Amino acid sequence: MSARAKGSFLVSVLRNDPLTPSSSILVLDRPEGFPDAQPGQFISVRLTDTLEPLLRRPYSIMDLTADTLSLLVKVIGRGSALLASQKPGASLDVIGPLGGTSFPYPASGKVVFVAGGTGLAPFIFAARSWRSGDARPEIHLLYGAEAKDELFLELIAGEFTGAHLATIDGSEGYCGDVVRLCEKLLAKGELPVDHLYSCGPRGMVRALVRQVGSRFAEHLTSLEAIMACGVGACRGCTVPVWEGERMVNKAVCSDGTVFAANAVAWEEWKE
Amino acid sequence: MSARAKGSFLVSVLRNDPLTPSSSILVLDRPEGFPDAQPGQFISVRLTDTLEPLLRRPYSIMDLTADTLSLLVKVIGRGSALLASQKPGASLDVIGPLGGTSFPYPASGKVVFVAGGTGLAPFIFAARSWRSGDARPEIHLLYGAEAKDELFLELIAGEFTGAHLATIDGSEGYCGDVVRLCEKLLAKGELPVDHLYSCGPRGMVRALVRQVGSRFAEHLTSLEAIMACGVGACRGCTVPVWEGERMVNKAVCSDGTVFAANAVAWEEWKE
Amino acid sequence: MTERSSAVRIGPVVFDNPVFLASGPAGYGLEYADLIDLTRLGAVVTKTITLQPRPGNTGRRLWETRGGLLNSVGLENVGAEIFLTEKLPSLIDGDVRLIVSIAAEGWEEFRQLLEMVAARPEIEAVEINLSCPNVERGGMEIGADPGRIEHYVKHAKDVLGERAVLAKLTPNVRDVARLALAAEGAGADGITAINTVVGMEMDAESGRPIFEMVRAGLSGPAILPIALVAVWKISRTVDIPIVGVGGISSIEDATKFFRAGASAIQIGTAIFYDHGLPERIIEAFEHSGIPKPFEKKDG
Amino acid sequence: MTERSSAVRIGPVVFDNPVFLASGPAGYGLEYADLIDLTRLGAVVTKTITLQPRPGNTGRRLWETRGGLLNSVGLENVGAEIFLTEKLPSLIDGDVRLIVSIAAEGWEEFRQLLEMVAARPEIEAVEINLSCPNVERGGMEIGADPGRIEHYVKHAKDVLGERAVLAKLTPNVRDVARLALAAEGAGADGITAINTVVGMEMDAESGRPIFEMVRAGLSGPAILPIALVAVWKISRTVDIPIVGVGGISSIEDATKFFRAGASAIQIGTAIFYDHGLPERIIEAFEHSGIPKPFEKKDG
Ligand SMILES: Cc1cc2nc3c(=O)[nH]c(=O)nc-3n(C[C@H](O)[C@H](O)[C@H](O)COP(=O)(O)OP(=O)(O)OC[C@H]3O[C@@H](n4cnc5c(N)ncnc54)[C@H](O)[C@@H]3O)c2cc1C
Ligand SMILES: Cc1cc2nc3c(=O)[nH]c(=O)nc-3n(C[C@H](O)[C@H](O)[C@H](O)COP(=O)(O)OP(=O)(O)OC[C@H]3O[C@@H](n4cnc5c(N)ncnc54)[C@H](O)[C@@H]3O)c2cc1C
Ligand SMILES: Cc1cc2nc3c(=O)[nH]c(=O)nc-3n(C[C@H](O)[C@H](O)[C@H](O)COP(=O)(O)O)c2cc1C
Ligand SMILES: Cc1cc2nc3c(=O)[nH]c(=O)nc-3n(C[C@H](O)[C@H](O)[C@H](O)COP(=O)(O)O)c2cc1C
Ligand code: FES
Ligand code: FES
């Protein structure tokens, strides 16, 4: 997937729908000229002109229709709190779509998504945009969080061929982490094994690679890192990746966000 | 007038009444335990917890009743803009009352107030609080601004024995500055000449001192300076004042805000 | 005195807790007595005292910057005599633990000032301000020179005997740890780091510098990373306690300084917008203990 | 070329306007081509190039502070050869005016790098980065030493002939003006001030430094007063043009640097949150003229 032209836009907030106590869905008015995008791409949002916080914040595109651009926003600090408090009518300064790679339509027509927390966003986008095409892939979602009230259940209803939930505290679905759930389902032969796409906390993805990665023909993952420019310029968001024997630093924002999970030098990636 | 105990309070905004396009009156709920105050004293308001801007901002007490504390807020920068945008129900962190000196009740029972812009605030407070006492002083207000829409006409109605207005552009009252207006009225013998109390831009007060100061038995003025602590500790808000032959630096926040206008070393006070 | 769990020792003196008011912003402490319970603090570091009263700088003295505050107060103070006769007694009577900050323009002045301080047994600790950027003489040109720091500190220790002597250092040098080493070598009981960072502001409209002396001292949240690295470097160079100061505006900020190697902290600029902060930090530490330093030797 | 009213001359080279992108934040410029009209800029200063490709630092590389940004990128770059063969041609073909930033860990490397640059006549200006705080060698220990600055600059002028040579200085010293004087004496055509300020951050929770190399470089609005005083001091010490950089986030900020004595400015961190700023500043100055300096000699 090659990068398309990105731009700078002022977008209006159409709706801000609370989803859980700490998260909401922000539906923005897709501005004139905002390019089409692919699952795994993101936008970068300026949150204030007081310069506090200074930097834009990156958010995965959770949906992009002819008229709207949607984000899934979880409050974890001062920037996300500002974003989550935007009211309809407010206007946001965004750049996008960003990201040089994305999740491709699965060649075999079958794919397993493993999502942790807000890592669900690109998969909602994938499910919705692929469904609107001619071919409809078979998508198995494995989705985990700490507890039931952090699962965005409303969002996943009806989007996937099958959805399997996991919570650490057992308040919904499988009691345990989503990696273990994946192992279990694989053991029972309930998942296709050609494409594994993942997005979530670093620990989750690393555990996937170690514990179930070899069972799939391909494992692609969308990574996160603290970002400044979002366009590959500042080299602030790098992740070490193996290119054969050589380890190179790739920018999550422009060489990613989607990488071959096995190529990521997990041991060297400290943060 | 000796300083009274000051304190730290969370106050609720009761009303925010627009007065002119760039200013409004903020009526706050006088909190439990907020001490009585005198005209010329002020409070210092924290405007945000984002630390942008960092410092509190000083505002004259424009009125203090058993239940309310009112401020006159003119927007001139980012801090005042935040204050002027407070909505009823919001809560503000203030310290006060601050200021070690204030405008005393005029010994002769007659006084001339000269106010420029938001310098009107302490005089509204004086007029209202002195009127509620037994003796009612004769107060002549001379009040100037650039143009009519910067005069807070609603505020002065009925508060003073006589009110004389001046605007630079002539859109209301005398066409010219308030100092010249004072000269004119003095020449016609229309003003009592025992007490002159002033508050306004530095240039206005300095011109008063030079041009009409000697005509009054006493000229007291409430000064402004950029402040940090508001309590006399940091020595950031000093003004040079003559003590006999010696020039000393006095803190506007704690040695003032009210000074003998003739004692201020106007020529040395650079800012 | 038994040392409480949050007590901190600096040389011969034990403070009940490691949260101090920095020299300057809080004046002599008394001005804040209505707002801060001074007796709760580990110590109040007084506004820097000089031998003679100083009027301070003329012109504008304060200016806000993004995340910071520039000041050009210029060591305005009442002078040693008035301090000792008028301010000190009320503080001591009020049970406020004190560190008296002192500075001098030259050697002779320093000597005399020390004698006056030494004559007052109720002063248990002194901080030598070797670093004020806002004065023409007696600030940076002493404080940036390890040899002179050594000289001043040694003499202070000689005269003050079993009182605690802290050396307050400037960040406006290539290597603040070298200065700390000089102070330690001369017998300092502790290092205070940092004083303000040299900066300036222009009035874009008039095109003139905001301050008459042009440069001023930058404090507040903007300088926290600069203060933190100073504390880190010094803590890897000397063994005496370090008092960290610069931009602390939250319990979390305070924690960072202990992690970086400070034994105590000072709050300056933050009291202007949040005078309750020192007491909140003290409570937090009483509750959860003083944060441990990052393994000191691996830096 | 006739000089436009907003044109600025640095040694032998005239730039159409005095607003440049600073080295680093904008990479090779190309990455921002969709967002910024690079041809409108006075110049793009490239990410610093070294002789060999550099992978940069491991671990976290960015952290926001109050009003500022810490970075520990560590001069990651593609190396001289790839820069000259892959990046330079697209920039030149795209009519982007360039200043190529270079750095070296030692003398031999510097010599070789200069030869490669000198072989490309399309490079009209070079900025020697004498000041990166984020590398183990080749940064501060050259950039804080007037003698070595002189040595490096003189050699660069010798090799580069009629190309413009700028020396980019560090603020992490007692007296940046001394460094500027050394660069001027060695023939530099201009001074760029400042690079980032050394700082660090701790993770309060884990108690560990945020960055693997512990210290990092502070940029953004927080450092504006520090950059401004550097420009002021340098402009009162040397006669060559000064390019001011550090925290510029508005037209007003830019104006302050010209008032303080800069002949041109660079925008770094601000493009992350406001990439339209350089073009807005250019327009403002086209409209109202370049702000005049405060009477230079009275500082
Ligand atoms: C490609 C990408 C896509 C993302 N998509 C989503 C999404 O769809 N929904 C969602 O809720 N979150 C998403 N995030 C995470 C989101 O960007 C962070 O939650 C947000 O930046 C936190 O900002 P804050 O000010 O609230 O936190 P802060 O208080 O600033 O910091 C809290 C933590 O947030 C992280 N963080 C801080 N600044 C940045 C930055 N500039 N870039 C990245 N991380 C940062 C750090 O780990 C930090 O410790 C995405 C991140 C990336 C990189
Ligand atoms: C004792 C006193 C009483 C005052 N009473 C009133 C009043 O009743 N009504 C009213 O509208 N205004 C009053 N002011 C002025 C008011 O405090 C300023 O307008 C306000 O601080 C500006 O803040 P800002 O963030 O909007 O401006 P900024 O954008 O920060 O700066 C604009 C200008 O405001 C002034 N200023 C900035 N910070 C401070 C500060 N900490 N203290 C003082 N001045 C500062 C400076 O001159 C600066 O150039 C009073 C000031 C003082 C000292
Ligand atoms: C208004 C003001 C006055 C100061 N006066 C002094 C002083 O007299 N002596 C001194 O050693 N430091 C003085 N300082 C520096 C502070 O003690 C402290 O080192 C510096 O401000 C950094 O801490 P902060 O960011 O918490 O303010 C002063 C700082 C400010 C803001
Ligand atoms: C992410 C980042 C990378 C940087 N890389 C370089 C560099 O390679 N070479 C250099 O000379 N300066 C580099 N700098 C410093 C900037 O050019 C500039 O001097 C500094 O950031 C101050 O300006 P600002 O506050 O406008 O960013 C970098 C700064 C940042 C934030
Ligand atoms: S955020 Fe700048 S390179 Fe990715
Ligand atoms: S504002 Fe601190 S002394 Fe007045």
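So is D:SER206 polar (S, T, N, Q) and under 19 Å from A:LEU51 (Cβ atoms) or not? Before the answer, list the steps.
Details: polar (S, T, N, Q): yes; under 19 Å from A:LEU51 (Cβ atoms): no.
Considered against the rule, which asks whether it is polar (S, T, N, Q) and under 19 Å from A:LEU51 (Cβ atoms), D:SER206 comes out as no.
Tell me which strands (runs of 3 or more DSSP E) are completely within segment B:169-271 and hold 1 or more residues being of a type outside the set (Phe, Trp, Tyr) and either surrounded by fewer than 22 Cβ atoms within 10 Å (Cβ to Cβ) or within 16 Å of ligand 1 (Cβ to nearest atom) (or both), or say none if there are none. Step through it out loud before you land on a result.
Numbers: elements: B:195-199, B:218-222, B:238-243, B:246-251, B:258-260.
Counting at least 1 such residues, we get B:218-222, B:238-243, B:246-251, B:258-260.
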Checked segment C:149-188 for anything farther than 19 Å from C:ARG120 by Cα, away from chain D (no Cβ under 14 Å) and in a loop (DSSP other than H, G, I, E, B); matches are C:ALA186, C:GLY187, C:ALA188
B:GLY230 within 15 Å of ligand 2 (Cβ to nearest atom), at positive phi and not hydroxyl-bearing (Ser, Thr, Tyr): yes
For the structure I just gave you, tell me whether D:LEU228 is more than 16 Å from ligand 2 (Cβ to nearest atom), without any contact (Cβ under 8 Å) to a residue 40 or more places away in the chain and either of a type in the set (D, E, K, R) or facing another protein chain (nearest Cβ under 10 Å) (or both). yes
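For C:ILE234, are the conditions met, namely being closer than 27 Å to C:GLY11 by Cβ, within 16 Å of ligand 2 (Cβ to nearest atom) and assigned to a helix (DSSP H, G or I)? Can you show your working first?
On the way: closer than 27 Å to C:GLY11 by Cβ: yes; within 16 Å of ligand 2 (Cβ to nearest atom): no; assigned to a helix (DSSP H, G or I): yes.
No.
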Answer yes or no: is there a residue in segment B:31-47 that is over 29 Å from B:ARG131 (Cα atoms), hydrophobic (A, V, I, L, M, F, W, C) and within 11 Å of ligand 2 (Cβ to nearest atom). yes
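Listed residues A:LEU51, A:LEU83, A:LEU71, A:LEU55; which is within 14 Å of chain B (Cβ to nearest Cβ) and buried (at least 17 other Cβ atoms within 10 Å of the Cβ)?
Numbers: A:LEU83 fails: within 14 Å of chain B (Cβ to nearest Cβ); A:LEU71 fails: within 14 Å of chain B (Cβ to nearest Cβ); A:LEU55 fails: within 14 Å of chain B (Cβ to nearest Cβ).
It is A:LEU51.
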In segment D:61-93, anything within 14 Å of chain C (Cβ to nearest Cβ) and within 16 Å of A:CYS237 (Cβ to Cβ) is listed as D:LEU62, D:TRP63, D:GLU64, D:LEU69, D:LEU70, D:ASN71, D:SER72
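Looking at segment D:64-76 only, could you name the residues that are surrounded by 23 or more Cβ atoms within 10 Å (Cβ to Cβ) and within 16 Å of ligand 1 (Cβ to nearest atom)?
D:THR65, D:ARG66, D:GLY67, D:GLY68, D:LEU69, D:LEU70, D:ASN71, D:SER72, D:VAL73
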With criteria (1) part of a loop (DSSP other than H, G, I, E, B); (2) within 12 Å of another protein chain (Cβ to nearest Cβ), D:GLY217 comes up short on (1)
Flag if C:ARG40 is away from ligand 1 (no atom under 16 Å from the Cβ), surrounded by fewer than 24 Cβ atoms within 10 Å (Cβ to Cβ) and either of a type outside the set (Val, Ile, Thr) or at negative phi (or both): yes
Hits in segment D:144-191 (condition: among the basic types (Lys, Arg) and under 17 Å from the mean Cα position of the chain (by Cα)): D:ARG163, D:LYS168
Sort out which residues of segment B:208-227 are in contact with a Cys (Cβ under 9 Å, 6 or more places away or on another chain) and either within 30 Å of B:VAL94 (Cβ to Cβ) or within 12 Å of ligand 2 (Cβ to nearest atom) (or both), and write them in order of number. B:THR221, B:SER222, B:LEU223, B:GLU224, B:ALA225, B:ILE226, B:MET227
Flagged pairs (Cβ under 6 angstrom, 6 or more apart or on separate chains; first in segment A:252-267, without any contact (Cβ under 8 Å) to a residue 40 or more places away in the chain and within 14 Å of another protein chain (Cβ to nearest Cβ); second within 16 Å of ligand 3 (Cβ to nearest atom) and not in a loop (DSSP other than H, G, I, E, B)) are none
Taking the condition more than 16 Å from ligand 6 (Cβ to nearest atom), touching an Asp or Glu at 6+ places or on another chain (Cβ under 7 Å) and either of a type outside the set (A, V, I, L, M, F, W, C) or facing chain D (nearest Cβ under 7 Å) (or both), does A:ALA228 pass? no
Condition (residue is within 13 Å of ligand 4 (Cβ to nearest atom), of a type outside the set (Ser, Thr, Tyr) and away from chain C (no Cβ under 14 Å)) applied to segment D:28-40: is it met by at least one residue? yes
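FYI, it's all coordinate maths here, none of it is from the lab. Because the structure is a prediction, the values reported are computed rather than measured. All Cβ positions, glycine included, derive from the backbone under ideal geometry; neighbour counts span all protein chains shown.
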